[in-house]
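Shown next, in structure tokens, is the structure this report addresses.
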Amino acid sequence: MSARIRAVIRTAAIVLVVLALPLAAWAFVKPVRVLAPGLEGVTCESLVCVDDPARRAEAVALYRDAVRFVQTSVDAMRTEPRAIFCSTHACSEKFGLNRRNAFTVGTFALVIGDRGWKPYYVRHELIHVLQNERLGSIRNSFFKPVWFREGMAYSLSEDPRRPLPEPLQGYRSRFEDWVKQIGLANLWVEAEKL
Ligand SMILES: [Zn+2]
């Protein structure tokens with residue numbers, strides 16, 4: 001191999017690494033925190049972690065009901081993520097929720113903030129876990145259209161807010177039109193093509 005070709009390959013490799021780093025950091029910094037929740041003042045029993053032990057039963061019920069809902073009305077989940085329920089704003093901030101009510105980390109975990117203790121929020125995040133499981137976390141988060149990702153989560157979680165604030169309402173309507181055309185049974189096959 002000539003020195004010139006080697007140099008081109010090296011440059012290409014560096015460019016790829018530089019491009020991939022922010023994605024990798026985004027994808028893996030948060031899980032480190034979420035996978036070590038003991039450090040953040042929450043206590044875990046099996047998959048459910050809480051900052052306020054007095055609300056453990058409520059958190060467990062929300063999580064179990066949401067898993068059952070997604071399994072039966074959306075699709076079978078192969079993984080059950082850890083779920084962290086924050087009762088206080090301080091806990092939510094520590095996990096990086098900022099203004100969001102909840103978020104999902106790959107297929108590892110979901111974090112429910114102090115304003116997110118609602119059945120449809122937990123179902124919404126579990127639908128993101130399912131998307132990450134079926135489509136890959138990086139592909140789903142960065143390469144699938146937002147109307148699909150968020151529209152599906154708002155629609156199939158049966159979020160009762162109608163209309164949602166824009167642009168979320170638009171995402172949900174677009175998803176609902178799309179799924180009506182393709183049929184729910186073909187969702188993953190068709191999502192591959194998006
Ligand atoms: Zn979402």
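Name the residue, out of LEU187, LEU110, that is closer than 18 Å to PHE69 by Cα, touching a residue at least 24 places away in the same chain (Cβ under 8 Å), open to solvent by less than 30 Å² (accessible area, probe 1.4 Å) and over 17 Å from the mean Cα position of the chain (by Cα). Spell out how you get there, then give the answer.
On the way: LEU110 fails: over 17 Å from the mean Cα position of the chain (by Cα).
Among LEU187, LEU110, only LEU187 is closer than 18 Å to PHE69 by Cα, touching a residue at least 24 places away in the same chain (Cβ under 8 Å), open to solvent by less than 30 Å² (accessible area, probe 1.4 Å) and over 17 Å from the mean Cα position of the chain (by Cα).
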>> Against the definition (within 16 Å of the ligand (Cβ to nearest atom), of a type in the set (S, T, N, Q) and open to solvent by 50 Å² or more (accessible area, probe 1.4 Å)), how does ASN98 come out, yes or no?
In response: yes
> Cβ-Cβ below 7 Å, separation at least six or inter-chain, first residue in the range 118-131 and farther than 11 Å from TYR154 by Cα and free of Cβ contacts under 8 Å to residues at least 40 places away in the same chain, second more than 8 Å from the ligand (Cβ to nearest atom) and not in a helix (DSSP H, G or I): which pairs?
Replying inline: none
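Could you go through the range 161-180 and let me know if any residue there is closer than 27 Å to ASP51 by Cα and either of a type in the set (A, V, I, L, M, F, W, C) or touching a strand residue (DSSP E or B) at 6+ places or on another chain (Cβ under 6 Å) (or both).
Going through the range 161-180, the residues closer than 27 Å to ASP51 by Cα turn out to be none.
Scanning the range 161-180 turns up no residue that is closer than 27 Å to ASP51 by Cα and either of a type in the set (A, V, I, L, M, F, W, C) or touching a strand residue (DSSP E or B) at 6+ places or on another chain (Cβ under 6 Å) (or both).
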>> Can you tell me how many residues within the range 141-157 are within 11 Å of the ligand (Cβ to nearest atom) and more than 17 Å from TRP178 (Cβ to Cβ)?
In response: 1
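For the range 138-154: of the residues being small (Gly, Ala, Ser) and crowded, with 21+ Cβ neighbours inside 10 Å, which is nearest to ALA83 (Cα to Cα)? Explain how you work it out, then say what you get.
Of the residues in the range 138-154, the ones small (Gly, Ala, Ser) are 141, 151, 153.
Among the residues that remain, those that are also crowded, with 21+ Cβ neighbours inside 10 Å are: 151, 153.
Working: GLY151: 22, ALA153: 17 Å.
In this case the residue turns out to be ALA153.
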> With ILE112, ILE84, ILE138 as the choices, which residue is within 13 Å of the ligand (Cβ to nearest atom) and either at pLDDT 95 or above or not hydroxyl-bearing (Ser, Thr, Tyr) (or both)?
Replying inline: ILE112
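The values are calculated or read from the model by the stated rules, or taken from the named source; none is laboratory data. Owing to the predicted nature of the structure, the values given are computational and were not obtained by experimental measurement. Note that we place each Cβ from the backbone using ideal geometry, even for glycine, and neighbour counts take in every protein chain shown. Only protein heavy atoms, including side chains, enter the accessible area calculation; ligands, DNA and RNA are left aside. Shrake-Rupley method; radii C 1.70, N 1.55, O 1.52, S 1.80 Å.
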